[in-house]
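The values are calculated or read from the model by the stated rules, or taken from the named source; none is laboratory data. On a predicted model such as this, the values are computed, not experimentally measured, just so you know. Every residue, glycine as well, gets a Cβ built from its backbone with ideal geometry; the counts of neighbours run over all protein chains shown.
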């Protein structure tokens, strides 16, 4: 049985929940909204009778619903998603998935296995930080990566010469992926992945010369004091995850925190990132 798309448009909004319930009751494994339509898919492994059962169930609760049945292309979805993940050349470094890493210089290549953890190079905020790191992270630096996700930035710091990097991540589901990426990149001797709250753990790994923080702008604002206390004079913080529309508010918060000077800025799409240098206070 081929992969089949079933689309049902209820005859009224009042019957939408009834149609949805009927589909799940008849065996639908999931529904997606496509405008006014409710869409489900019947796969090759499903019972051939399921298609008729789904249509009959909808007709029972909404005889006037508009049904559309179409075949989906025969695609190996386990491989097709890979086509959306590319290599990203970001100054001195490149972020690539494992299947595009062959032939690249391992010293300048950050290999990330795409999983649920944030940070594959596909997001603008990650790319902004990696671009800004060039010239900021130096040989022998001690670095803290806050909200490390896949550990992409921590690995990048190690490849740029950092001798010790603390990759701090609050989500336990991201830890295994981060550790896998650290090992795959050959930097396990320099990068340690730590599970916990960055606000509590950063003081324990301080002092550091560089802090990387690609997290929510509201979280960054609340942590400026902790970050400032952790970064040594002459060090830097690279902040990202900030919308361009939030730039002015973030710079006001930085000025209010004191002890920082803006060194460089960049943006991509709707996202803005900044390098702050720590000055004596």
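Okay, here's what the table says:
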read-out: Condition check for residue 174: out of contact with any strand residue (DSSP E or B) (no Cβ under 7 Å at 6 or more places or on another chain), assigned to a helix (DSSP H, G or I) and closer than 22 Å to residue 198 by Cα; value: yes
read-out: Single residue of 170, 153, 100 found to be modelled with pLDDT of 95 or more and assigned by TED's automatic domain parsing to the domain that holds residue 88; value: 153
read-out: Residue 186 being in contact with a helix residue (DSSP H, G or I) (Cβ under 6 Å, 6 or more places away or on another chain) and either buried (at least 23 other Cβ atoms within 10 Å of the Cβ) or under 23 Å from residue 101 (Cα atoms) (or both); value: no
read-out: Residue within region 215-233 that is buried (at least 19 other Cβ atoms within 10 Å of the Cβ), touching a helix residue (DSSP H, G or I) at 6+ places or on another chain (Cβ under 7 Å) and not in a helix (DSSP H, G or I) present; value: no
read-out: Number of the condition not met by residue 232 [criteria: (1) under 19 Å from residue 129 (Cβ atoms); (2) over 21 Å from the mean Cα position of the chain (by Cα)]; value: (1)
read-out: Residue 42 vs. criteria within 35 Å of the chain's Cα centre (by Cα), modelled with pLDDT under 85 and surrounded by 14 or more Cβ atoms within 10 Å (Cβ to Cβ); value: yes
read-out: Of all residues making up region 244-269, the number that are within 23 Å of residue 134 (Cβ to Cβ) and either in contact (Cβ under 8 Å) with a residue 24 or more places away in the chain or touching a helix residue (DSSP H, G or I) at 6+ places or on another chain (Cβ under 6 Å) (or both); value: 11
read-out: Sole exception among (1) in contact (Cβ under 8 Å) with a residue 12 or more places away in the chain; (2) surrounded by fewer than 20 Cβ atoms within 10 Å (Cβ to Cβ) for residue 103, by number; value: (1)
read-out: Members of region 102-135 found to be assigned to a loop (DSSP other than H, G, I, E, B) and touching a helix residue (DSSP H, G or I) at 6+ places or on another chain (Cβ under 9 Å), listed by number; value: 112, 113, 114, 115, 116, 117, 118, 119, 120, 121, 122
read-out: Lone qualifier among 202, 239, 212 - being crowded, with 19+ Cβ neighbours inside 10 Å and in a helix (DSSP H, G or I); value: 202
read-out: Condition met for residue 198 (touching a helix residue (DSSP H, G or I) at 6+ places or on another chain (Cβ under 9 Å) and either outside the structural domain of residue 101 (by TED's automatic domain parsing) or farther than 25 Å from residue 104 by Cβ (or both)); value: yes
